[in-house]
Amino acid sequence: MPEQAEANRAGPFIENRAFEELHVGDTAKLTRVLRSQDIATSPPSGGAMPVTSVQALWGASVLSELLSTDLPGPGTTYLELALHFKAAAAVGDLVTTRIRVRDLIPETRQVTLSCECRAASGEILMDGLARVIAPGSKLRWPRALKADAALPAAGTHFRRLLDAARQFDPIRTAVVHPCDTVSLVSAMEAMEARLIVPILVGPMAKIRKVAAEAGRTLEGIEILDVPHSHAAAERAVALAREGKVDALMKGALHTDELMAAVIDSSGGLRTERRMSHVFALDVPHHAKLVFITDAAVNIAPNLDCKRDIIQNALDLLHALGIESPKVAILSAVETVSGKMPSTIDAAALCKMSERGQIVGGVLDGPLAFDNAISSEAARTKGISSPVAGEVDILMVPDLEAGNMLVKQLIYLAGAEAAGIVLGARLPIILTSRADSEMARLASCALASFWVRRRSIK
């Protein structure tokens with residue numbers, strides 16, 4: 001079979017090879033130059049350095065990237081890597097890693113692949129075997145948001161998201177009451193990153209004072225002078241209704257104050273869809289972005305509300321180029337129980353998806369968190385699920401559960417969290433004082449993708 005890796009790396013998307021598409025003899029390769037920043041120390045003058053733990057990790061990471069992006073590709077689950085390190089490369093060497101399918105086990109979707117890493121001279125640097133579980137269904141992801149099973153560091157997925165969003169024109173964004181340093185500087189940083197064109201709505205004197213204290217100039221930035229935060233929210237919503245802005249961005253006012261103007265029955269931004277919040281989390285060492293909903297707007301959603309919450313999240317992922325997102329409807333158990341309402345809602349939502357009341361995704365539930373994230377955990381419990389281990393969206397039963405889950409991932413797992421409110425006429429960027437600069441920019445990038453999707457529909 002022909003090698004597929006170089007072809008898979010061309011264009012804006014990467015696609016996997018589902019198990020049914022694999023054949024013994026399929027191969028893929030990846031060629032990389034060993035750079036000085038890839039290893040902790042430079043090679044001694046005159047020759048290649050001995051194999052160090054850093055070089056071994058670099059070789060294993062290149063192999064992991066090849067497995068996770070090319071063969072089988074996104075959705076691959078690792079079981080075992082047995083590698084033998086035989087020689088080291090020098091900085092500047094061209095290193096080619098090649099994998100080949102040796103064995104396929106249809107009952108478990110297990111794939112054994114031979115692995116080999118060679119220098120340009122032909123010398124074998126590393127060889128061995130990899131054993132993985134191939135994805136059971138086709139996945140197609142934007143290259144900027146691709147899975148990276150080489151254990152990406154914090155912020156990796158957000159940086160790719162920002163790079164992808166910068167290809168679009170900046171979106172006109174009403175920044176509501178940016179009257180503290182964090183909210184004003186955040187808006188200006190998003191402008192400098194070419195994500196938004198800010199329109200500052202608030203008391204002009206206060207905004208200028210904050211800018212001066214932060215050492216920032218407001219030259220060329222439009223400011224709409226209103227007396228206080230309540231008026232700022234109303235004016236920003238009016239701009240949205242008039243089609244003068246593409247998005248709203250929360251400044252130094254409480255979320256409830258902004259949302260009250262958004263949902264106002266006479267002059268707000270309501271649609272037929274229930275509004276909900278979607279968190280995008282960049283979790284270190286996880287293969288892709290994880291989306292959690294709703295952990296910020298709807299406190300105790302009923303079944304109809306949950307339907308809209310899921311559809312909002314699905315629509316966002318469609319805007320990001322993910323064609324059939326996997327949704328896990330979370331509970332504490334995997335079986336439906338009359339004593340646990342969240343399990344009944346999960347079962348009903350899956351049936352609603354089957355009947356076309358929720359479109360554009362693959363739903364499963366109830367699922368506990370471990371079974372949603374880990375296909376191994378699901379198999380241990382005898383759960384057969386198209387979502388387990390490949391989940392994109394985690395649908396939580398209520399705001400309290402979602403809030404705790406998001407904060408656990410942030411403070412215990414080192415995740416970065418961005419997020420927007422959907423279901424209104426335009427996206428609403430909600431930020432927190434605790435957000436990092438990267439998270440704030442990522443929230444703007446999510447809104448940019450959403451606006452672009454709406455403009456081409």
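A few comments on the model shown:
- Residue count for segment 167-196, restricted to those that are without any contact (Cβ under 8 Å) to a residue 40 or more places away in the chain and among the polar types (S, T, N, Q): 2
- The one condition from (1) touching a Ser or Thr at 6+ places or on another chain (Cβ under 6 Å); (2) assigned by TED's automatic domain parsing to the domain that holds Ala187 that Ser265 does not meet is (1).
- Of the residues making up segment 71-102, just one is in contact with a Gly (Cβ under 9 Å, 6 or more places away or on another chain) and at positive phi, namely Gly75.
- Residue in segment 279-288 that is of a type in the set (Lys, Arg) and at pLDDT below 95 present: yes
- Ala247 passes every criterion in (1) out of contact with any Pro (no Cβ under 6 Å at 6 or more places or on another chain); (2) assigned by TED's automatic domain parsing to the domain that holds Ile429 apart from (1).
- Residues in segment 226-274 that are of a type in the set (Lys, Arg), surrounded by fewer than 21 Cβ atoms within 10 Å (Cβ to Cβ) and within 16 Å of Ala447 (Cα to Cα): Lys244 alone.
- Residue in segment 275-288 that is farther than 21 Å from Leu162 by Cβ, part of a loop (DSSP other than H, G, I, E, B), out of contact with any Cys (no Cβ under 9 Å at 6 or more places or on another chain) and in contact (Cβ under 8 Å) with a residue 24 or more places away in the chain present: yes
- Residues being of a type in the set (D, E, K, R) and either assigned by TED's automatic domain parsing to the domain that holds Arg172 or touching a strand residue (DSSP E or B) at 6+ places or on another chain (Cβ under 6 Å) (or both) - total across segment 407-424: 1
- Members of segment 197-211 found to be of a type in the set (Val, Ile, Thr), without any contact (Cβ under 8 Å) to a residue 40 or more places away in the chain and farther than 13 Å from Ala252 by Cβ, listed by number: Val197
- Strands (runs of 3 or more DSSP E) within segment 1-115 that include 1 or more residues modelled with pLDDT under 75 and surrounded by 16 or more Cβ atoms within 10 Å (Cβ to Cβ): 13-15
- Qualifying residue in segment 285-292 (condition: surrounded by 22 or more Cβ atoms within 10 Å (Cβ to Cβ) and either of a type in the set (Lys, Arg) or on the phi > 0 side of the Ramachandran plot (or both)): yes
Results for (1) more than 29 Å from Ser183 (Cα to Cα); (2) crowded, with 21+ Cβ neighbours inside 10 Å; (3) at pLDDT below 95; (4) not acidic (Asp, Glu), shown as yes or no for each residue.
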| site | (1), (2), (3), (4) |
| --- | --- |
| Ser374 | yes, no, yes, yes |
| Lys381 | yes, no, yes, yes |
| Val391 | yes, yes, yes, yes |
| Leu422 | no, yes, no, yes |
| Arg425 | no, no, yes, yes |
| Glu437 | no, no, yes, no |
| Arg454 | no, no, yes, yes |
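- Conditions (1) on the phi > 0 side of the Ramachandran plot; (2) under 24 Å from the mean Cα position of the chain (by Cα): number failed by Gly215: (2)
- Each residue in segment 165-189 was checked for being touching a Lys or Arg at 6+ places or on another chain (Cβ under 8 Å), of a type outside the set (D, E, K, R) and surrounded by fewer than 20 Cβ atoms within 10 Å (Cβ to Cβ), and 4 of them qualify.
The values are calculated or read from the model by the stated rules, or taken from the named source; none is laboratory data. Keep in mind that what you see is a predicted model, and the values were worked out from it rather than measured. Neighbour counts are summed over all protein chains in view; Cβ atoms, including those assigned to glycine, are modelled from backbone coordinates with ideal geometry.
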